[in-house]
Every structure is written in C-alpha cells, then in structure tokens.
Amino acid sequence: MQKTGLLLGRSARAWRSVRMASSGVTRRDPLANKVALVTASTDGIGFAIARRLARDGAHVVVSSRKQQNVDRAVAALQEEGLSVTGTVCHVGKAEDRERLVATFWMDKAKEESMKETLRISRIGKPEECAGVVSFMCSEDASYITGETVVVGGGTPSRL
C-alpha cells in the first residue's frame, strides 16, 4: 500500500509537471535572444503580433509608413516594459490595404454573413493570430516544416 501511494504521488507530480510545461507556465521568454522585424505593425493584427513576440522575450522592431504611427506603437509597447524599437518602412500601397480592410469588416451585412459560416460564430481578434505567430517563431515549433496553419475560426479553407 505504501509503494502504491508513493508511485501515485510521483505520477501526479510528473503529470502536473507535464501540464505546466505544455501550458507555458514553466517556460518563460521562449523567444529570448531573438529579434523580430514585424512589418505593418502599428495597429491591428501586426501590432498584436509585435506585442506577443515582445512579451515572449524577443526584441521587436515595429514598422509603418508613417513616423507618428511608429512612435505611438513603440511608446505603447515600451510602456508595458517590452523591448521594442521602430522604423518607418513603406511595404505597399496604403490605398489597397485600406480598401481591403473596408471590404472584410466595415460592411455589417457582410460581417454577419461571414459569422454564419464560422463554426464559432464570431469574427477573430488580432491577438488570436498573434499567439500562433509567436509559437511558430519559437523553438517549440522547430520540428514543424511546410505546414499551413489556418487561424480562421473553423472556416473551411482551401489553399
């Protein structure tokens, strides 16, 4: 009986250790000593990705076409104690990006129609994409090659 209790105690401790490791509780800064350059990262998904990578230990360089946007994003992230710098970088035509965004979320009828096709019946948040990006940048994903990770709320996808 005493051996059984000892074995159960060890098993419980081992299981707790595995659970904590898989939940990230015991791993701090999985992106320490890495630098992440995140384009178009002063708002929305890009900003959420930059924040998550910095929270996970990377030094992050944010960028945008406009200096005031870079300054605002850098200040916000540095206020959180994160290691962040920024630079101005034009990565495409702003008009095209604005038109694209205005077509995915500004039209309420289209948004409601999209929600109907999603299995979780809501539009995703930028932070929900950021966690996947941080994971893919970490050593935890070092054995993943050539995969497509869809962050789509259960939307059927074809690539």
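The values are calculated or read from the model by the stated rules, or taken from the named source; none is laboratory data. Just so you know, these numbers come straight off a predicted model, no measurement behind them. In this analysis, Cβ positions are derived from the backbone assuming ideal geometry, glycine residues included, and neighbour counts consider all displayed protein chains. When the accessible area is computed, the model is the full protein with side chains, heavy atoms only, and any ligands, DNA or RNA have been set aside. Shrake-Rupley method; radii C 1.70, N 1.55, O 1.52, S 1.80 Å.
Structural remarks
- The residue 127 and residue 88 beta-carbon pair, evaluated with R₀ = 30 Å, returns a calculated FRET efficiency of approximately 0.75.
- Restricting the stretch 45-94 to trypsin sites (Lys or Arg not before Pro) that sit in a DSSP loop and have at most 12 other Cβ atoms within 10 Å of their own Cβ leaves 66, 93.
- Figure legend: label point modelled 7 angstrom from the Cα of residue 33 along Cα→Cβ; residues of the stretch 51-91 with amide N under 16 Å from it are 57-59.
- Mean Cβ neighbour count within 10 Å, used as a protection proxy, ranking 73-83, 115-125 highest first: 73-83, 115-125
- With all protein chains in place and ligands, DNA and RNA left out, the 1.4 Å accessible area ranks 47, 135 as 135, 47, largest first.
- Förster radius 41 Å - calculated FRET efficiency between residue 141 and residue 79, Cβ distance, rounded to 0.05: 0.90
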